[in-house]
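The values are calculated or read from the model by the stated rules, or taken from the named source; none is laboratory data. Bear in mind the structure is a predicted one, so any value in this text is a computation, not a measurement. Neighbour counts are summed over all protein chains in view; Cβ atoms, including those assigned to glycine, are modelled from backbone coordinates with ideal geometry.
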Amino acid sequence: MNIYPKPAMPWRGFALSLVCIAAVCASFSFLQFNPFELFSTQSLSSMRTFVARFFSPDLSPDFLLKVAYGTIETLAISAVATLLAALFGLLFALPATGRFGQLLKQSVRLLLNFLRAVPELVWATLMVLLVGLGPFAGTLALALHTIGVLGRLFAETLENRSDDAARALILSGARPFTAFFYGTLPAVAPQLLSYTLYRWEMNIRMATILGFVGAGGLGQILYYELSLLRESQASTALIAMFVLVIAVDALSARLRRIQIHCAG
């Protein structure tokens, strides 16, 4: 009796490889995409001209002032949206853990799933139609999506944390809210803060993109300049985005180090 399994037939792997290659080739044919056109003389000349014009940023005082205002606006959009999302995320996380019954738990989880299932750009488009162009629409769009993300993360954090301290406070005569505030929240606060900072970093990047649908900030400046084929001005806006993201990443890393030091 042979106890060893039979080796897989080599022709099966060969046939699967042929199917994958055929699918890739069919995709190129369907999209009418020829990658070799990128290396043609005309394409290389166009790219060289574009790069030469693009990497000569506009450093005029008036435009730099405009970009600085857009940078502050982008930072404010992301900060306010993340703060609102953290507050409402924690508010929704409590019923999402089942503390107020299974019916409310399933309803809130469904709401959180819906909020994070809709992309930020879709929310931004809807908010622009609802409240008009500007940073208010971008703030609402980021906040709605981030509430869904943070609410789910906060709920899972609370579910995985032991409630022994809160139960001890309740047995000592404390009310449930007081027991949660002094017993559970301090234990999970570092994790909640870490999630919030991470989402703030992501919202900075997304806030720059939402401007393409009229939600304000650097993205709106970039979209406007690109639509007019002003490469120098668009280059300045991109540099400002890069500096802003690097600065926020450094600040977030610093805050995490402080948090770890205080927890230790």
Region 118-134, subset under 16 Å from R205 (Cβ atoms) and part of a helix (DSSP H, G or I), residue nearest to the chain's Cα centre (by Cα): E120
Every listed condition ((1) in contact with a Leu (Cβ under 8 Å, 6 or more places away or on another chain); (2) surrounded by fewer than 17 Cβ atoms within 10 Å (Cβ to Cβ); (3) at pLDDT 75 or above; (4) not β-branched (V, I, T)) holds for A141 save (2)
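Results for (1) among the polar types (S, T, N, Q); (2) loosely packed, with under 15 Cβ neighbours inside 10 Å; (3) part of a loop (DSSP other than H, G, I, E, B); (4) touching a Gly at 6+ places or on another chain (Cβ under 7 Å), shown as yes or no for each residue.
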site: Y223; (1), (2), (3), (4): no, no, no, yes
site: L226; (1), (2), (3), (4): no, no, no, no
site: M241; (1), (2), (3), (4): no, no, no, no
site: A253; (1), (2), (3), (4): no, yes, no, no
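Conditions tested, residue by residue: (1) closer than 19 Å to P135 by Cα; (2) in contact with a His (Cβ under 7 Å, 6 or more places away or on another chain); (3) touching a residue at least 24 places away in the same chain (Cβ under 8 Å); (4) among the charged types (D, E, K, R).
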position	(1), (2), (3), (4)
T184	no, no, yes, no
A189	no, no, no, no
I204	yes, no, yes, no
A207	yes, no, yes, no
V213	yes, no, yes, no
L226	no, no, no, no
S232	no, no, yes, no
Count - residues of region 124-135 that are touching a helix residue (DSSP H, G or I) at 6+ places or on another chain (Cβ under 9 Å) and either surrounded by 23 or more Cβ atoms within 10 Å (Cβ to Cβ) or free of Cβ contacts under 8 Å to residues at least 12 places away in the same chain (or both): 5
Could you look through region 1-60, keep only residues that are charged (D, E, K, R), modelled with pLDDT under 75 and within 28 Å of S235 (Cα to Cα), and pick out the one that is surrounded by the fewest Cβ atoms within 10 Å (Cβ to Cβ)? E37
